[in-house]
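Colleague: Let me give you the structure first, and then I'll get to my questions.
The values are calculated or read from the model by the stated rules, or taken from the named source; none is laboratory data. This one's a predicted model, so the numbers in the text were calculated from it and none came from an experiment. Backbone-built Cβ (ideal geometry, glycine too); neighbour counts: all protein chains shown. Only protein heavy atoms, including side chains, enter the accessible area calculation; ligands, DNA and RNA are left aside. Shrake-Rupley method; radii C 1.70, N 1.55, O 1.52, S 1.80 Å.
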Amino acid sequence: MSVRRAVPGDESIVRGLRLAALADAPDAFNSTLEQERARTTAEWSRWISNGATFLLEEADGPKGIAAGVPYGGEPSARLLMAMWVEPRLRGSGAAAALVASVLAWAAADGASEVVLHVGKLNDRARRFYERAGFRANGHGFVSEWTGIEEIEMRRPLALEAGAP
Ligand SMILES: CC(C)(COP(=O)(O)OP(=O)(O)OC[C@H]1O[C@@H](n2cnc3c(N)ncnc32)[C@H](O)[C@@H]1OP(=O)(O)O)[C@@H](O)C(=O)NCCC(=O)NCCS
């Protein structure tokens, strides 16, 4: 199992992982399977060039994904998004390796904080993020795509010595 940053040429891998994620967990993302299916190769290229996307791979193919992107009007923050690992690899530490890659990228990119949005009822993801150092801050919104209530969690990047 290894994690690497997606590069131009990885469009079909990113697309395949996003379609698998939306099919597996339709309530977990601020998007829909239909919307992801409709994206063109040029749109996946823009996805790859916006911030950093990390791919979790095993010898027989890609198994997970996470991305970090600029966060709206907050130059010191990056948004962690699209976090997914295939069900067989849950509880294996694979997801933590993806998060670590995004945190390291955000720190190297000059950020001091990473933000994410997670479904209020997505207990497994919320516990996972808490273990990775994220804390809910009381902010939230209702997703325009899924109608699901999302909460905001944040993690400072200087949480401990040697952070990301
Ligand atoms: C979110 C995700 C990436 C986390 O990866 P993971 O490998 O499952 O995470 P882990 O197993 O390391 O950690 C999950 C935590 O929830 C706990 N947990 C397991 N099953 C659970 C359940 N059904 N309900 C609540 N908590 C649960 C685990 O014990 C662990 O907590 P602990 O560290 O206190 O023991 C993965 O579950 C996933 O891809 N989910 C589907 C997509 C998704 O929800 N993405 C998040 C979008 S914001």
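Colleague: Of these, ARG124, ARG88, ARG135, which one is under 15 Å from ALA28 (Cβ atoms) and open to solvent by 40 Å² or more (accessible area, probe 1.4 Å)?
Modeller: Numbers: ARG88 fails: under 15 Å from ALA28 (Cβ atoms); ARG135 fails: under 15 Å from ALA28 (Cβ atoms).
On inspection, the qualifying residue turns out to be ARG124.
Colleague: Can you list residue pairs whose Cβ atoms sit under 6 Å apart, with the first residue in the stretch 67-85 being crowded, with 17+ Cβ neighbours inside 10 Å and the second being hydroxyl-bearing (Ser, Thr, Tyr)? Count only pairs 6 or more apart in sequence or on different chains.
Modeller: ALA67/THR53; ALA77/TYR71; ARG78/TYR71; LEU79/TYR71
Condition check ((1) away from the ligand (no atom under 16 Å from the Cβ); (2) under 25 Å from VAL14 (Cα atoms)) across all residues:
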residue: GLU58; (1), (2): no, yes
residue: GLY73; (1), (2): yes, no
residue: LEU80; (1), (2): no, yes
residue: ALA100; (1), (2): no, yes
residue: ALA108; (1), (2): yes, yes
residue: LEU116; (1), (2): no, yes
residue: GLY138; (1), (2): yes, no
residue: GLU149; (1), (2): no, no
residue: ALA158; (1), (2): yes, no
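Colleague: Follow-up. Check the stretch 41-51 and report whether any residue there is under 25 Å from LEU19 (Cβ atoms), within 15 Å of the ligand (Cβ to nearest atom) and β-branched (Val, Ile, Thr).
Modeller: First pass over the stretch 41-51, keeping only residues under 25 Å from LEU19 (Cβ atoms): 41-51.
Cutting the leftovers down to within 15 Å of the ligand (Cβ to nearest atom) gives us none.
No, the stretch 41-51 contains no residue that is under 25 Å from LEU19 (Cβ atoms), within 15 Å of the ligand (Cβ to nearest atom) and β-branched (Val, Ile, Thr).
Colleague: Here's another thing I want to ask about it. Which residues, counting only those in the stretch 121-164, are at pLDDT below 95, closer than 20 Å to TRP84 by Cα and in contact with a helix residue (DSSP H, G or I) (Cβ under 9 Å, 6 or more places away or on another chain)?
Modeller: Matches in the stretch 121-164: TRP145 only.
Colleague: Restricting the first residue to the stretch 106-134 and requiring it to be farther than 17 Å from GLU74 by Cβ, which pairs with a second residue that is away from the ligand (no atom under 16 Å from the Cβ) and of a type in the set (A, V, I, L, M) meet a Cβ separation below 9 Å and a spacing of at least six or different chains?
Modeller: GLY133/LEU159; GLY133/ALA163
Colleague: With respect to ALA66, is the statement that it is in contact with a strand residue (DSSP E or B) (Cβ under 7 Å, 6 or more places away or on another chain) and either at pLDDT below 95 or more than 17 Å from ASN30 (Cα to Cα) (or both) true? Reasoning before the result, please.
Modeller: Values: in contact with a strand residue (DSSP E or B) (Cβ under 7 Å, 6 or more places away or on another chain): yes; either at pLDDT below 95 or more than 17 Å from ASN30 (Cα to Cα) (or both): no.
So ALA66 does not fit the description; no.
Colleague: Can you name the number of the only condition in (1) closer than 22 Å to ARG154 by Cα; (2) open to solvent by 40 Å² or more (accessible area, probe 1.4 Å); (3) not in a strand (DSSP E or B) that GLN35 fails?
Modeller: Of everything listed in (1) closer than 22 Å to ARG154 by Cα; (2) open to solvent by 40 Å² or more (accessible area, probe 1.4 Å); (3) not in a strand (DSSP E or B), GLN35 misses just condition (1).
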